[in-house]
Amino acid sequence: MENGNETGFSLIGIGPGRVESMTIEAVEVAKNADVRLYEAYTALWPEKELEKLEALIGPIERIMRPAVERPEELFEQAQSQSIAILVVGDPMQATTHIDFQLRAEKAGLPVRVIHGISVTTLVPGSTGLSDYKFGRSTTLTYPYGDWIVTSPLEVMLRNQMQGLHTLVLFDLDPTGAGTGDQRPMQPKDAFASIEKMAGKILVSEVDDALKQQAASLFDSMCVLCSDLGTNDAFMKTTTISNLGTITGGRLNCMVFLANMSEMEQEAVQRWS
């Protein structure tokens, strides 16, 4: 081994999109690893920031979904080397990485976790919404031809019925394959997906309360959040019906709003 490190893996959260947001521990562990792999399919960093990171910690190789979900080759490599897997945000926010950790440990390989700043904590703090009032989060997916799942919108509507906000992540990959053909979802894509989901719910056999909520969906308020944690961060409070008219950033998500306290209302009005 180049650095005399222990073998195995370090799952390193590199934060939302810039070197300065990484912890000192994250930088040092990555720098001392024999191999540095940037997992580039669950989320992305700006290219300039990746170049800055590489200058700081050493050469970085990109890996995509198949390498993480079918990790036998990585497991063999980790028998004799220390491998740092760099993950945007926090590494343990994705089930893919939890599965990877469990499989590696079953294979007798140590896995060290270095946590990072995640969008799940950035969104409540940035918008001014109470994190106690968030329900289950969800991810808006691209339609595949004429087919689209309605479960993301169902989560949003059921949360709203309970007075809970929803963190809605936007899809990164229209193909769903996670092999590199990424096109991060823009607000216009998100609106198109929501519109298709709503249409499908209204003609499906779901309960009447959910249909009623879907019927009034487009008057509901949301906060679009783009490139949080970077110098390009911005937010916009709008209705779902106007979501598609807004220009987003590199990476986007939104909060689908429920009933708000007076303080929350004042907070989100700043982004109108």
Per-residue ellipticity at 222 nm for the chain, helices alone: DSSP H runs ≥ 4 residues times -39500 (n - 2.57), over residue total, nearest 500 deg cm²/dmol?
-10500 deg cm²/dmol
Cβ-Cβ cut-off under 10 Å around ALA84, Lys and Arg +1, Asp and Glu -1: the net charge is +2
Per the rule of 0.36 nm per residue minus the C-alpha distance, extending LYS211 to GLU25 adds in nm 62.1 nm
Would you work out the relative contact order for the chain, in percent, from Cα pairs under 8 angstrom that are 6 or more residues apart?
20 percent
Ranked output for segments 88-99, 8-19 by mean other Cβ atoms within 10 Å, highest leading, reads 8-19, 88-99
Listed candidates [x] 19.2, 67; [y] 20.0, 63; [z] 23.6, 91 - label of the one calculated as Rg and Dmax of the Cα atoms in Å:
[y]
Got the relative contact order for segment 8-117 handy, in percent, Cα pairs under 8 Å and 6 or more residues apart?
48 percent
Using amide H atoms built 1.01 Å from N in the peptide plane, name the residues 5+ places from TYR38, or on other chains, whose amide H lies under 5 Å from its own.
GLU61, ARG62, ILE63, LEU86
Would you mind calculating the relative contact order of segment 210-260 from Cα pairs under 8 angstrom and at least 6 residues apart, reporting the percent as a whole number?
42 percent
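No value in this document is a laboratory result; all are computed from the given coordinates. Because the structure is a prediction, the values reported are computed rather than measured. Because the Cβ atoms are built from the backbone with ideal geometry, glycine has one as well, and the counts that use them run over all protein chains shown.
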